[in-house]
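For reference, the structure is listed below as structure tokens.
Where a number appears in this text, it was derived from the coordinates with a stated rule and is not lab data. This structure is a prediction, so every number in the text was calculated from the model and none was measured. Here the Cβ positions follow ideal geometry from the backbone for every residue, glycine too, while neighbour counts run over all protein chains shown.
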Amino acid sequence: MRRRSLLLAALPAGLVTLAGCGDESSDKSKASASSSPSPSASTPSAAPSPKIVEGPLPAITAGTKFGEKPTVAKGTGSPSKDLAVKTVIAGSGRTVAENDYIQANYLGQIWDTAKVFDNSYDRKTALVIQLAKGGIIDGWRYALTGKKTGSRVLMSVPPTWGYGTQGNSQAGIKGTDTLVFVVDIENTFNSKSSAKGETVAQNDAALPKVGTNTDGKAPSIDVPKVKAPTALVANYVIEGDGEKVAADSTVLVQYKGVVWDTGKEFDSTYGRGQLASFSLQQVVKGWAQGLTGKKVGSRVLVVIPPKLGYGDNPPAGSGIKKDSTLIFSVDILAKM
């Protein structure tokens, strides 16, 4: 099972329009939410905005390059009661905004002892998380907003903008501990993010044709006036070069869904202006099977027959009739 980051301040809301309909998705979603450890406060922080200062900060003594696992010295003296932030390596990529999702490697340790309580470098999997109030500790939210991708950021986070006076017993963090983090920001995603890769020819006249624009706007989906296929279709529209999605992966996506018979849109992240993240174990079978094996960075046409979709039990208020064939354009932005 994918380890849940210690940085989370609350369990993010799941995707409800796809999960919780048909099969055992609803039960799985509820089980996931209740069984997943919640190492931090379950409600958004009421702490005031911090004053951001330049130090003091301990030195990075080894692993000084971007993407390398760092070794950080023990803090000396008393840490700042403010949020201390230093850009150790300045990147030149996109600027991170609050509420963006970021993809980053990180190491966290305790100021007084230099005890490392968490790091993603050893897991060889970058963290993908949203810089949103209540979704991550406030220290990260304030320290990383405004930084550019490709940057390495060193910060010290007092309890007020970390785990508060309750600390984090799972990580061995006391309520009086100041935390030190090194964060390598690899990428950032928001509601304007799109697939990136090579356009793939769409030559089958019996299948919908999906737009290939990558400007963050919803792609067009042109439905042919033919009978819908009875088998699942999952074809690249744009083929990315990222790692392949596994059957148990959690993914960050942009998507748009229309009904085959009418071409009417019934769901879209573009319309909501908000990306979606979900486990492929918590969605309808057509999504899970269609995205498994596809590469991150890709746009995928997924045509889902009723038996792999909602069948005779479509979500209430969705506008989907019983036994409808569904068409999705899905941009796989990241694995989480």
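For the reader, a short list of remarks on this structure follows.
- Proximal aspartates and glutamates to K335, defined as alpha-carbon separation beneath 12 angstrom and excluding residues fewer than eight positions away on the same chain: E243, D248
- Amide H to amide H, with H built 1.01 Å from N, T188 comes under 5 Å of Q103, counting only residues 5 or more places away or on other chains.
- Amide hydrogen neighbours beyond the local backbone of A132, cut-off 5 Å, H modeled: N99
- One chain, two ends: D323 and D112. Fully extended at 0.36 nm per residue, the span grows by 69.9 nm beyond their Cα-Cα distance.
- The Stokes-Einstein estimate for the stretch 152-217, based on a Kirkwood radius over Cα pairs and taken at 20 °C with 1.002 mPa s viscosity, is a diffusion coefficient of 130 µm²/s.
- Compactness relative to 2.2 N^0.38 Å, alpha carbon Rg of the stretch 39-189: 0.94
- Backbone HN-Hα couplings from phi across the stretch 201-212 [Karplus 6.51/-1.76/1.60, Hz, Gly and Pro as x]: 4, 10, 9, 8, 5, 8, 10, x, 10, 10, x, 10
- Distant-in-sequence amide contacts of F117, defined by a placed amide H-H separation under 5 Å and a gap of 5 or more residues or a different chain, comprise G108, Q109, I110.
- Mean residue ellipticity (222 nm) of the chain, computed from DSSP H runs ≥ 4 via -39,500 (n - 2.57), nearest 500: -2000 deg cm²/dmol
- For the stretch 279-287, 3J(HN,Hα) computed residue by residue from phi via the Karplus equation (6.51, -1.76, 1.60; θ = phi - 60°) reads 7, 5, 8, 10, 10, 4, 4, x, 5 Hz, glycine and proline entered as x.
- ³J(HN,Hα) computed for each position of the stretch 172-182 - Karplus, 6.51 cos²θ - 1.76 cosθ + 1.60, integer Hz, glycine/proline x: x, 9, 7, x, 9, 7, 8, 10, 10, 10, 10
- Selection from S220, P56, S279 lying farthest towards where the dipole of the chain points positive, charges on Cβ: P56
- Segment A201..K227, full-extension length gain: 7.2 nm, with 0.36 nm per residue of separation and the alpha-carbon distance subtracted.
- Zone residues, the stretch 235-249, relative to K307, backbone N less than 20 Å from point 7 Å out along Cα-to-Cβ: 235
- At 0.692 mPa s and 37 °C, Stokes D of the chain from Kirkwood alpha-carbon radius, µm² per second: 155
- Relative contact order (%) - the chain, alpha-carbon pairs under 8 angstrom, separation at least six: 17
- Counted residue by residue at 0.36 nm each, then reduced by the alpha carbon distance between them, the extension gain from K124 to A59 reaches 21.1 nm.
- For the stretch 142-253, the calculated P(r), taken from all Cα-Cα distances in 5 Å bins from zero up to the bin holding the longest distance, is 2, 8, 11, 13, 13, 13, 9, 7, 7, 7, 5, 3, 1, 0 percent.
- Hydrodynamic radius by Kirkwood, which averages 1/r over all alpha carbon pairs of the stretch 210-336, in angstrom: 14.6
- When +1 charges are put on Lys and Arg Cβ atoms and -1 charges on Asp and Glu Cβ atoms, the dipole computed for the stretch 198-335 relative to its Cα centre reaches about 260 debye.
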